[in-house]
Amino acid sequence: MKLASLKNGRDGKLVVVSKDLTRYADASVVIPTLQAALDDWERLAPELTALAQGLEAGSVPVERFHERECASPLPRAYQWADGSAYINHVELVRKARGAEVPKSFYEDPLMYQGGSDSFLGPRDDISMPTDDGWGIDMEGEVAVITGDVPLGVPVDEAANYIRLIMLVNDVSLRGLIPGELAKGFGFFQSKPSSAFSPVAVTPDELGDAWDGAALHLPLLVRYNGEPFGKANTGIDLTFNFAQLIAHAAKSRPLCAGTIIGSGTVSNKLDGGPGISIAEGGDGFSCIAEIRMIETIEDGAAKTPFMKFGDTVEIKMKDKDGHSIFGAIKQKVTQIEK
């Protein structure tokens, strides 16, 4: 089943989307919003599934689906916790500044709690007051939406609480991160609103590309219209979503509608850092990573961060080449004063 939220008020209008992303059925006959559906998932999921089956069979009223009309599947959420499941990304950042990665990072996931009150739609601009010094960057990721997760859930049970999977552009302001982290109190200003894919899907939609706790397909990133990354989300994965959920629920329960992110998808190449698509590699899911490699190899970064007018596209295709989640397509623009 594929679900989306059309732009409508603060929490959107829930619709069920066809497998080929061309049509939708209004889900208000079942429940008006995705958050409300998640709050009563065991009862409502079968009804939404029946609506999805009717949509495919042509037995329910349908409308044309346009990704540009979508908010993020959850336009706002009770919680957004982003992990760092791909330690290659962390290794590069640390190596570029001459620091070792602590051994604990390979056993205990990194995770921060991001702002979840104002997610961007998948076609909304990334609007900033300046592109000078703030280091605007995209981060291509995968995320899951959970049901109610009990405190202290063990890893071998955590995946049972995954309800939906989607893609993320976790926007980062790299120029603001060092100053914030130096205070010893985490991210805030350096992590503005993130954007999620037009559609969130149930695990069964992914077939054997979903192993129960991780997705195994390339994440396709285009930057200013050119291929930038195609890192496989199932390769070089240090922590799967079961481990990330269990980590997040160590000291607190998680309410239905909690979003858990994978962190920047990052692959190695023959045991070393990745290389660009132009050079025959799988490229990158963020600009910071290529800058770190440039720093390691040449002593200084040369690839600039995003400027006004730059565009990013993030999507994923199934094994037959069909889009699964729709595409995040965003442009960096200046806030009008």
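The values are calculated or read from the model by the stated rules, or taken from the named source; none is laboratory data. These numbers were taken from a predicted model, which means no experiment stands behind them. Glycine also receives a Cβ, built like all others from the backbone with ideal geometry; neighbour counts cover every protein chain displayed. Side chains included, ligands, DNA and RNA excluded: accessible areas come from the protein's heavy atoms. Shrake-Rupley method; radii C 1.70, N 1.55, O 1.52, S 1.80 Å.
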Review point. Taking segment 238-256, which residues are over 15 Å from the mean Cα position of the chain (by Cα) and not in a helix (DSSP H, G or I)?
Key: 238, 239, 249, 250, 251, 252, 253, 254, 255, 256
Check your understanding: Considering only residues of segment 278-287 that are at negative phi and open to solvent by 10 Å² or more (accessible area, probe 1.4 Å), which is farthest from the chain's Cα centre (by Cα)?
Key -> 279
Review point. Any residue in segment 176-184 that is among the basic types (Lys, Arg), open to solvent by 50 Å² or more (accessible area, probe 1.4 Å) and assigned to a loop (DSSP other than H, G, I, E, B)?
Key: yes
Exercise for review: Tell me, yes or no, whether segment 268-277 has at least one residue that is in contact with a Pro (Cβ under 9 Å, 6 or more places away or on another chain), surrounded by 15 or more Cβ atoms within 10 Å (Cβ to Cβ) and within 30 Å of residue 45 (Cβ to Cβ).
Suggested key: no
Point to revise | Qualifying positions in segment 42-59 - farther than 30 Å from residue 253 by Cα and open to solvent by 40 Å² or more (accessible area, probe 1.4 Å) | key: 50, 53, 56, 57, 58, 59
Review point. Which residues, taken from segment 197-227, are open to solvent by 10 Å² or more (accessible area, probe 1.4 Å), within 16 Å of the chain's Cα centre (by Cα) and without any contact (Cβ under 8 Å) to a residue 40 or more places away in the chain?
Key: 216
Exercise for review: Provide a single number: the residues in segment 257-310 that are part of a strand (DSSP E or B) and of a type outside the set (S, T, N, Q).
Suggested key: 7
Check your understanding: Do we have residue 253 as closer than 24 Å to residue 36 by Cα, open to solvent by 50 Å² or more (accessible area, probe 1.4 Å), touching a strand residue (DSSP E or B) at 6+ places or on another chain (Cβ under 7 Å) and not aromatic (Phe, Trp, Tyr) here?
Key -> yes
Point to revise | Residue within segment 228-239 that is open to solvent by 10 Å² or more (accessible area, probe 1.4 Å), within 28 Å of residue 305 (Cα to Cα) and without any contact (Cβ under 8 Å) to a residue 40 or more places away in the chain present | key: yes
